[in-house]
Amino acid sequence: MEKELLTEDIKALLKETFRELKDEVSLEVFTQKGIHDDFNEVAAGLVRVISELTDKIKPHFFLIGDETSRSRGVSRSPTILIAPDKYSIRYTGAPVGEEGRSFIMALLMVSTGKTFISDDSRQRIKRLNQKRHVRVFVSPTCPYCPQQVLYAISAAIERKDLVSAEVIEIYENKDLAEKYAAMSVPKTFVGETLTASGLQPEEHFMESLIEGSPVEYVMPAGREELKDYDVVIIGGGPAGLTAAVYAERSGLKSIIFEKANVGGQIAITPVVENYPGFTSIAGKTLVDLMARQAMEYALLLQGVGVTDIKKNGGFEITTGRGIYNAKAIIIATGADSKRLNAAGEKRLSGRGVSYCATCDGYLFKDRKNVVVVGGGNSALTDALYLDSLGAHVTLVHRRDAFRAEERLQQSVFQRNIPVLWNSRITEILGTKVVEEVRIEDLKTGKFRDIKADAVFIAIGYEPNNEIAKNLGIEMDSEGYIKVDDKMRTSMPLVYAAGDITGGVKQIVVAVSQGSIAALTAFEDMANPYWKGHR
């Protein structure tokens, strides 16, 4: 069992990590025979293994229905409580996959009493004066979920008198996922109120927790937090991370703001097979390598969004973490998935309609019928990933040929994944969850309904161009930022790199543009071309 759960390398890394533990941490594992036996084994086995790596973790095992489970209010198997006599933190479901990271971080925070939120968030949460129960719905394959979970657990530690945190794995708790429309993750509730679909900036999470309702705008910290940088990089994908490395190596003090998940689209790409130096590598692994390198040079603030930029000689950048000054800006905000705009899509979003196969596909792995819409690299990658999970996949494409790379096409055909050519989805049907999709044959004009438990939409991207709009920067007809061959925009000392510039959306292109943008910023600060001093 131990070998299946953790490799010797991971055990050695955890053993070193656990040297930071200060106080003993009690872990209570609750299971019920006949209910999720495989996951019960994983949860209990994981706790046993890590407790053998340090004397600071004390495991206890109970059966649901016994006196302890009743006194703790535990009724789902498996459940893990962390230091239940001091804090109210529970994992409802085994913390496997991506959520294993948040579980280990939770142990560190509970043992040391130190959370990883900002001083600003600590000040914010002091305003809380009512009890709050936070539930974050997650899946083992969602790279966005652990950060949202850590916000919730941090709040439960900072305000143990008022905040309880629960992490709910949707595959093991399908009834809850369906009840709360949490088939798309992460999804966060305060009490019975949905406060966030997706990963929030830290300050938004805290304000939503305090208010007990969704919060869309958060007042920034005061001007006493003003900080000066040469370059502010907005976006922590491959373009932004590379820009930071090159900026700092050029002698420019830089900082990266990433409001969501570091890595952008790559973090949710199951396998990358076309990045030089790696025949095949998980997207999340590649992102982690890039991020670690970038953080050796520059400050990276995840969960911190930019809410306003003012031009005043230099630039004044307002964030939920404070106000920053910069001489130059690199916009690397990327692009988000396009919506299909079919009837029923919005109503059933999170109830089987998804834009992230990596995040949400795990729920449909047991021969569920899933439809993937699109014909490009993303759609075929999603189809192959879902097929590898064991889902029954059908591709729907409005043309008679794919636009994806030949290798991806070959893989789809080799696996005999059905394709409905010259077709489009006009309606997604279902009462509470996705049940069917209505498909139009674009050649004949005829309609038919096919059964589906989920619809994964991968039909392209829309640029995240709010910052460009606010600055009045030139964009093309599709909303992508116009740049020259040096990544300069229409505004001096503002540069753009990566998917936000349109064109070929590939990691190597983003990395290249990020490096060019940083080097051009260095050149322009020394020789401002707009002043005629070239």
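Laboratory data are not the source of any read-out in this text; all were calculated from the coordinates shown. No experiment lies behind these values; they were computed from the predicted model shown. Glycine also receives a Cβ, built like all others from the backbone with ideal geometry; neighbour counts cover every protein chain displayed.
Quick look at the numbers
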item: Selection from S490, T501, H133, by position along the positive dipole direction of the chain (Cβ); result: S490
item: Pairs beyond 27 Å (Cα-Cα), from K259/K451; K56/K179; K15/K86; K22/K174; K346/K368; K114/K327; result: K259/K451; K56/K179; K22/K174; K114/K327
item: MRE, 222 nm, helices only [DSSP H, n ≥ 4, -39500 (n - 2.57), over the chain, to nearest 500]; result: -9000 deg cm²/dmol
item: Dipole moment magnitude, nearest 20 debye, segment 330-411 about Cα centre, only Lys, Arg, Asp, Glu C-beta charged; result: 320 debye
item: Equivalent ellipsoid semi-axes, the chain, via Cα gyration tensor eigenvalues times 5, rooted, Å; result: 37, 32, 21
item: Dipole of the chain, positive end: most advanced residue of T307, I168, V511 [Cβ charges, Cα centre]; result: T307
item: Ranked by how many other beta carbons lie within 10 Å on average, peptides 372-385, 136-149, 317-330, 428-441 from highest; result: 136-149, 372-385, 317-330, 428-441
item: Cα convex hull of segment 177-284 - mean projected area over all directions, nm²; result: 9.7 nm²
item: Those residues of segment 246-265 whose amide nitrogen sits under 19 Å from the label point placed on N325, 7 Å along Cα→Cβ; result: 252-256
item: Cα Rg over Rh - segment 7-115, Kirkwood; result: 0.95
item: Per-pair calculated FRET efficiency, R0 = 35 Å: D9 and K227 via Cβ, rounded to 0.05; result: 0.35
item: Kirkwood Rh (inverse of mean 1/r, distinct Cα pairs), segment 82-183, angstrom; result: 13.8 Å
item: At 1.306 mPa s and 10 °C, Stokes D of segment 465-534 from Kirkwood alpha-carbon radius, µm² per second; result: 128 µm²/s
item: Percent of C-alpha pairs per 5 Å bin, segment 353-457, short to long; result: 3, 13, 26, 24, 21, 10, 3, 0
item: Karplus 3J(HN,Hα) series, Hz, for segment 276-289 with 6.51 cos²θ - 1.76 cosθ + 1.60 (x for Gly, Pro); result: x, x, 10, 4, 7, 8, 5, x, 5, 5, 4, 4, 4, 5
item: Label point distance in nm, N341-D119, each placed 7 Å from Cα along Cα→Cβ; result: 4.8 nm
item: R0 of 41 Å, Cβ-Cβ distance D23-E466: FRET efficiency to nearest 0.05; result: 0.40
item: Size of charge dipole - segment 57-214 - debye, nearest 20, with Cβ of Lys, Arg +1 and Asp, Glu -1, no other charges; result: 380 debye
item: Per DSSP, loop GluC sites (Glu not before Pro) in segment 159-194 with at most 13 further Cβ within 10 Å; result: E192
item: Simple label model, 7 Å out from Cα along Cβ direction - Q410 to D161, nm; result: 6.6 nm
item: Rg to Rh quotient for segment 2-211, alpha carbon positions, Kirkwood Rh; result: 0.94
item: Dipole in debye (nearest 20) - segment 376-523, about Cα centre, beta carbon charges: Lys, Arg +1; Asp, Glu -1; result: 300 debye
item: Debye log10 I(q)/I(0) for segment 338-381, one point scatterer per Cα, at q = 0.18, 0.22 Å⁻¹; result: -0.58, -0.87
item: Estimated vicinal HN-Hα couplings, Hz - segment 255-264 in sequence order (Karplus 6.51, -1.76, 1.60; Gly, Pro = x); result: 9, 10, 10, 10, 6, 10, 10, 4, x, x
item: Distance histogram for segment 274-371 (every C-alpha pair counted, 10 angstrom bins, percent rounded to whole numbers); result: 10, 25, 28, 26, 9, 1
item: Set of aspartates and glutamates with alpha-carbon distance to K131 below 16 Å, sequence-local pairs under 8 removed; result: E158, D161, E166, E192, E207, E211
item: Dipole of the chain, positive direction: furthest Cα of Q414, I89, M475, with charges on the beta-carbon; result: M475
